[in-house]
1. Leu284: in contact (Cβ under 8 Å) with a residue 12 or more places away in the chain and assigned by TED's automatic domain parsing to the domain that holds Trp171, yes or no?
2. Counting just the residues of segment 177-220 that are more than 30 Å from Leu306 (Cβ to Cβ) and among the aliphatic types (A, V, I, L, M), which one comes out surrounded by the most Cβ atoms within 10 Å (Cβ to Cβ)?
3. Output the number of residues of segment 221-230 satisfying the condition of being under 28 Å from the mean Cα position of the chain (by Cα) and in contact (Cβ under 8 Å) with a residue 24 or more places away in the chain.
4. Given the criteria in contact with an Asp or Glu (Cβ under 7 Å, 6 or more places away or on another chain), at pLDDT 95 or above and surrounded by fewer than 17 Cβ atoms within 10 Å (Cβ to Cβ), does Val250 qualify?
5. When you go through (1) modelled with pLDDT under 90; (2) within 29 Å of Glu300 (Cα to Cα); (3) not charged (D, E, K, R) one by one for Trp232, which number turns out not to apply?
6. Based on what the data block shows, is His233 outside any loop (DSSP other than H, G, I, E, B), in the same structural domain as Leu284 (by TED's automatic domain parsing) and touching a residue at least 40 places away in the same chain (Cβ under 8 Å)?
7. So, of the residues in segment 261-295 that are assigned to a helix (DSSP H, G or I), more than 16 Å from Val244 (Cα to Cα) and of a type in the set (A, V, I, L, M), which turns out to be farthest from the chain's Cα centre (by Cα)?
8. Run down Ala245, Ala223 and say which single residue is in a helix (DSSP H, G or I) and crowded, with 21+ Cβ neighbours inside 10 Å.
Amino acid sequence: MKLLHRAHTTTDSAWSRWLETEFGGPLEAPESTSVGTHWASLRQLLPDYRLLTTVEVGDGRSTSFWHDCWLAAGPLVDAMPGLYTHARRPEASVHHVLVSDLRLAFVPRLSSVATEEVTQLTVVLAEINLTNAQDVRRCPWEDKAHRLSSSMIYKSIIAVGGSCDYYKFIWENRAPPKVKFFGWLLVQDRIQTRENLLKKNCIDSDLCELCGAQVESTAHLIAGCAFAVGFWHWIGVQIDEEDVAALWRVQPPSTIPAAHFNAFLLLCCWRLWKHRHDVVFRSLPPCYTCLFAGCREDAELWACRLPPSDRHVAHAWALLFSSPPHANFSINDM
């Protein structure tokens, strides 16, 4: 924000006046993006910033009447949506609306809903008195210098993240960050399978390139494809397509340590995904030997990510992957 440049285009928005008050000088937030992409990027953050802040109104000049949280009811655009559709100036400041006749803020003919809401608004505004003081914008995630702190917002999000079903499974995991992120996409069905790519009109067919028999959905790729079924069967993990969206519920068999089983599952899914890439982009044939070799390599590398007292767990994984199915193994052998 310190790098904000002075724009020559002017606007009457309360947002631009807040910027001017906050940073000094005739700063403006033009509607046009002709002044550069920097302003366009800042404007995209405005709705999020308004949700993070509340305003104690002074003179009302730097507070948006409709979009800022300056009343107990929250933003008026949400509290009175019917009336908002009749507003003459959606970006008007609190000062602009309150110093004028309230009826001038709306088009002449109001719907029945808008008429009822303007009556309610009149009662609310009767208790508001403007002063000569500047508006004060407050945020629970400010630092000591009253600047918005991204680190405080992040810590707050992390603190409440446990309410998500897959939060602990994904983020309290000893897997590398890139694999955690892959797992986060995986359980939400957001990895770039052929089914998802077809929906985006990126390809012409959604058939699985490993088995060529069914749609390559996330669930199919990880647990439904014959190749994947053979992989899970060989290592003794019971998993089907319905389990992919809830991997945290899959239970470890007696042959695999229960400790860090979430990391083990992500390792397996990650390697199935990478093997699929080898088949699609490197034209390699489906190969259990290559898949198991990759799993064993990751197991050995991830050992350093576990606490010293748990390093034996990763070694047990590596031992499990040391004996891949024989070359002629197929789903019919199960």
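The values are calculated or read from the model by the stated rules, or taken from the named source; none is laboratory data. Small disclaimer: the values here were computed from a predicted structure and weren't measured. Glycine gets a Cβ as well: all are built from the backbone with ideal geometry, and neighbour counts include every protein chain shown.
1. On the way: in contact (Cβ under 8 Å) with a residue 12 or more places away in the chain: no; assigned by TED's automatic domain parsing to the domain that holds Trp171: yes.
So Leu284 fails the test.
2. Leu210
3. Qualifying residue count, segment 221-230: 2.
4. Taking the combined requirement at face value, the residue does not satisfy it.
5. Exception for Trp232: condition (1).
6. Working: outside any loop (DSSP other than H, G, I, E, B): yes; in the same structural domain as Leu284 (by TED's automatic domain parsing): yes; touching a residue at least 40 places away in the same chain (Cβ under 8 Å): yes.
Against the criterion (outside any loop (DSSP other than H, G, I, E, B), in the same structural domain as Leu284 (by TED's automatic domain parsing) and touching a residue at least 40 places away in the same chain (Cβ under 8 Å)), His233 qualifies.
7. Ala293
8. After ruling out the rest, the residue left standing is Ala223.
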